[in-house]
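The values are calculated or read from the model by the stated rules, or taken from the named source; none is laboratory data. It should be emphasised that the depicted structure is a prediction, and the values quoted were computed from it without experimental measurement. Cβ coordinates were reconstructed from backbone atoms using ideal geometry, including for glycine residues, and neighbour counts include every protein chain displayed.
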Amino acid sequence: MPRDDDTLFDALLARDPAYDGFAYVGVKTTGIFCRLTCPARKPKRSNVVFFSCRDAARDAGFRPCLRCKPLAVARPVSGALEALKDRIKDEPDRRWSAADLKALGYDPSTVRRAFQREYGVTFVQYARSQRLGQAVNRLQQGGTVLDAQLDAGYESGSGFRDAITRLIGDAPVRTTARRILTAQWLDTPIGAMLAVADDAGVHLLEFAERKALPSEIKRLHERVGAIAFGRHAMLDALAEQVGRYFAGRLAAFSIPIAQKGTDFEASVWAALQQIPIGQTRSYGELAREMNRPEAARAVARANGANQIAIVVPCHRVIGADGSMTGYGGKIWRKQWLLEHERRMAQTSSQS
């Protein structure tokens, strides 16, 4: 990733998220340093100086920006988003409305955009998914349909049955006989990820903005089983490992992988996990390492079919000329992940 001052200034003007955490800008006229993604008005080229880390900016006498919070590990998100997520967690059975948001002092349209931007769903949809997940979990644990209905906040039994049927494809009274996958949102420094798992392991881990996510969820539902939001020990373990990875303290994941594919796809996904952190491969190189030198295109297709991002590191595959090839989670995230891992590998080699 180029880091000369002219490139960094262009990145500052574009608010390029690929440099978030890897470059900071100090504004001489204010004495403040910021992320390159800071939404504040952009300074003149002559009034800025760039730093490779936060400590260097502070050592030079710059103070952290209160708006973009460069000292925080996670990128700043809407305060309403964080506060309302906590409210949903504290009141999982509540049926939220626009009037409720207004009563708390929030603008419903602003909240809707914040959740849509971060998770791909509105606030009401997010809250409903958590509530229905609670209800499905209650039924799976042997609770009655009436209890689950009341927990989910439905006054109408038919309305509850319809909602559960849409969610898991079966009537509530029969959910105990169905395999249910559990979903959770994981927040990371580069965006929210949807995680889906069961006792066998992780079935899906994708960024919320991935265009193929809806079709991946549909395929997972058809191949494995219904999906409901809730708590699961496998997801707790995944969240802990993902958190350590983004903090630079985990180079290899140990969480079980349970995604289903053809034998060839599974062999490609296994080969991806063998690429050392801080290194990359082209499709041709990966095919040769698998003793399938003629299968570079098939390797590329299998790489694209992977639906467990980061843990199965498809982002470590680049073009034969070193270029960034397509990445469903967006190219800037691929650049970010590769730079993050390059630094982790460098730190490990020096220790």
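Here are some notes:
- Residue match in segment 317-325 (condition: crowded, with 21+ Cβ neighbours inside 10 Å and at pLDDT 90 or above): yes
- Filtered residues of segment 236-284 (kept if β-branched (V, I, T) and not in a loop (DSSP other than H, G, I, E, B)): V242, I257, V268
- Out of C68, C53, C34, sole residue that is in contact with a Lys or Arg (Cβ under 6 Å, 6 or more places away or on another chain) and either exposed (fewer than 13 other Cβ atoms within 10 Å of the Cβ) or of a type outside the set (F, W, Y) (or both): C68
- Test: F264 is among the aromatic types (F, W, Y), over 27 Å from A345 (Cβ atoms) and at pLDDT below 85: no
- From the list D86, D59, the one residue that fits, being under 25 Å from the mean Cα position of the chain (by Cα) and either loosely packed, with under 14 Cβ neighbours inside 10 Å or aromatic (F, W, Y) (or both), is D86.
- Selected residue (criterion: modelled with the lowest pLDDT) from residues of segment 58-88 that are small (G, A, S) and within 25 Å of R244 (Cα to Cα): S78
- Of all residues in segment 207-228 being of a type in the set (D, E) and in a helix (DSSP H, G or I), the one that is nearest to A302 (Cα to Cα): E216
- Condition check for G225: touching a Lys or Arg at 6+ places or on another chain (Cβ under 6 Å) and small (G, A, S): yes
- Segment 235-264 residues that are more than 23 Å from N303 (Cα to Cα), paired with ones that are surrounded by 13 or more Cβ atoms within 10 Å (Cβ to Cβ) and of a type in the set (S, T, N, Q) (beta carbon under 6 Å, 6 or more apart): L235/Q184
- Within segment 1-22, the residues that satisfy the criterion of being touching a strand residue (DSSP E or B) at 6+ places or on another chain (Cβ under 6 Å) and modelled with pLDDT of 90 or more are D5, L8, L12.
- Verdict on R292 being more than 26 Å from W185 (Cβ to Cβ), surrounded by fewer than 16 Cβ atoms within 10 Å (Cβ to Cβ) and out of contact with any Leu (no Cβ under 7 Å at 6 or more places or on another chain): no
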